[in-house]
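The structure appears right after this line, and notes come after that.
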Amino acid sequence: MKAAVALAAALVGAVPARAAIDCWMDAPHPQTADRLPSMHASVAPLQQALQRLNAQLHRQTALQALPSSRLRSSWQIAGQWALPARGAHFLLRDHRESMWLGRCDVVKGADRLPPRASIVVQVNQPEAFFATAVPELRDEQFSAWREVFPTAQVQGRPLYGGHMLVITADGRLPWVPVTTADYLDFTERDLMRRHVEARAALASQQVAMAPAAREADIQRVVEGMRRVDPAQALRLEQELRASLAAEARAIESAAARRGSRGLDDDPIGRQLDKLRAYRKRLGAAALAAQARLGLNGLRDDAHPAERYPALVRPDPDYPWDRLHPSRPQMLMVSVRGTGEFELPMAEVLGQLDIVALEALVRQQP
């Protein structure tokens, strides 16, 4: 959201009168993602929190005064497939008049049009706090994202990325910096994997190009053609054998160049050497410092560290209440508006009942 909250507040009086919303639809999903009834006792804490959240938003005058549109609240509780907690997704969005149906409904597929005004709340889902769903770095041991930084304050709370509030029981952020040591470990694992894959691909290519394999391929093609056009089969056989001879000469030439160049034919191996040499030059403090994407010793162009994005990951030591996995323990609250909804949604953001939102994660089980 481009307009700063402070600017929005200052301009409230200058905003012309606008039509209130046409209606507000509530559309909770009847089942959790793992097919429990949404009112099942095991998910009651989450269901009650989502209902209270929706009721809070219904009471917000800035939402009721949005430009003429229909609002719809929808939410679903996630499956409990993995600890530490069960998640949930809440979406409040607008629907333009072309999508309206009846007195207070929208046509099927109305969600295909992107919202102009939206409030998204993700519950107990640490990865939702990052700007992209796909991490910058990922393997079987590690996932990391670019850090999102505060851009302003709303009621004394940091606003991240221009639209997001982070709400936890004690104010603790749900992410931690990635250390340079972790980043270099990941980079080495990635290079070693690519090294193994490159060697396997080369071995497979060599098998496919072996004389016996190519001879069998030529015979299959020529025999098929011979049954249709013997004369054309002879010409095809000559062309294929000439092509095979040219390929064999190319392979021999490449092998000779590899022999003369040595390590020059192993670019991934050279990168591994470069990475390891870079790591040896770093002291303990540098290895423990926050990692920056691209600052791993493999780039030849040197820029100030600030030019490289800082990396973070979900906090592996976050104090989850594992005895009550359906209790709300962290919220990502995102408020956005575009076009004619940009300034009104800035007002909505400024008027959020943040104390009530914080109470959702402070409730006792």
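The values are calculated or read from the model by the stated rules, or taken from the named source; none is laboratory data. Everything numeric here is computed off the predicted structure, so don't read it as measured data. As a convention, Cβ positions derive from the backbone with ideal geometry for all residues, glycine included, and neighbour counts pool all protein chains shown. What goes into the accessible areas is simple: the full protein's heavy atoms, side chains included, and nothing from ligands, DNA or RNA. Shrake-Rupley method; radii C 1.70, N 1.55, O 1.52, S 1.80 Å.
Looking across the stretch 224-248, the residues that are open to solvent by 80 Å² or more (accessible area, probe 1.4 Å) and in a helix (DSSP H, G or I) come down to Arg226, Pro230, Leu234, Arg235, Gln238, Glu239, Arg241. Going by the conditions given, is Ser68 assigned to a strand (DSSP E or B) and among the hydroxyl-bearing types (Ser, Thr, Tyr)? Answer is no for this residue.
Here is a yes/no grid of residues against (1) open to solvent by 30 Å² or more (accessible area, probe 1.4 Å); (2) not β-branched (Val, Ile, Thr):
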| position | (1), (2) |
| --- | --- |
| Leu92 | no, yes |
| Gly102 | yes, yes |
| Val121 | no, no |
| Gln125 | yes, yes |
| Pro135 | no, yes |
| Arg138 | yes, yes |
| Gln141 | yes, yes |
| Gln155 | yes, yes |
| Leu159 | no, yes |
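Yes or no, residue by residue, for (1) within 30 Å of Gln122 (Cβ to Cβ); (2) at pLDDT 75 or above:
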| position | (1), (2) |
| --- | --- |
| Val176 | yes, yes |
| Ala198 | no, yes |
| Gln206 | no, no |
| Met209 | no, no |
| Ala216 | no, no |
| Glu223 | no, yes |
| Arg235 | no, yes |
| Gln238 | no, yes |
| Ile251 | no, no |
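In the stretch 154-174, the residues that are under 12 Å from Tyr318 (Cα atoms) form Cβ pairs under 6 Å with partners that are open to solvent by 30 Å² or more (accessible area, probe 1.4 Å), at six or more places apart or across chains, as follows: Ala169/Arg362; Pro174/Pro126. When Asp185 is tested against (1) open to solvent by less than 40 Å² (accessible area, probe 1.4 Å); (2) over 28 Å from Ala356 (Cβ atoms); (3) at pLDDT 95 or above; (4) not basic (Lys, Arg), exactly one condition is not met: (1). Residue-level check: of (1) out of contact with any Gly (no Cβ under 6 Å at 6 or more places or on another chain); (2) open to solvent by 10 Å² or more (accessible area, probe 1.4 Å); (3) on the phi < 0 side of the Ramachandran plot, Gly109 misses just (3). Can you run down the residue pairs with Cβ atoms below 6 Å, 6 or more apart or on separate chains, where the first is in the stretch 229-247 and under 13 Å from Gln219 (Cα atoms) and the partner is in a helix (DSSP H, G or I) and open to solvent by 50 Å² or more (accessible area, probe 1.4 Å)? Hits for this filter: Ala233/Met225; Ala233/Arg226; Leu236/Met225. Screening Lys2 with (1) surrounded by fewer than 16 Cβ atoms within 10 Å (Cβ to Cβ); (2) at pLDDT below 95; (3) touching a Ser or Thr at 6+ places or on another chain (Cβ under 7 Å) gives one miss only, at (3).
Looking only at residues of the stretch 279-300 that are in a helix (DSSP H, G or I), in contact (Cβ under 8 Å) with a residue 24 or more places away in the chain and over 25 Å from Ala198 (Cβ atoms), we find that the one that is most open to solvent (accessible area, probe 1.4 Å) is Ala288.
To keep it simple, each residue is scored yes or no on (1) closer than 20 Å to Gly79 by Cα; (2) among the aromatic types (Phe, Trp, Tyr); (3) crowded, with 16+ Cβ neighbours inside 10 Å.
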position: Ala302; (1), (2), (3): no, no, no
position: Leu311; (1), (2), (3): no, no, yes
position: Arg322; (1), (2), (3): yes, no, no
position: Arg327; (1), (2), (3): yes, no, yes
position: Val333; (1), (2), (3): no, no, yes
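I'd like to verify a number: residues in the stretch 28-38 that are of a type in the set (A, V, I, L, M, F, W, C) and loosely packed, with under 13 Cβ neighbours inside 10 Å, how many? Matching residues across the stretch 28-38 total 0.
Specify which of the listed residues (Arg258, Arg276) is modelled with pLDDT of 90 or more, of a type in the set (Lys, Arg) and in a helix (DSSP H, G or I). Within the list Arg258, Arg276, the selection yields Arg276.
Number of residues in the stretch 336-351 that are in a strand (DSSP E or B) and either open to solvent by less than 50 Å² (accessible area, probe 1.4 Å) or within 14 Å of Ser68 (Cα to Cα) (or both): the value is 1.
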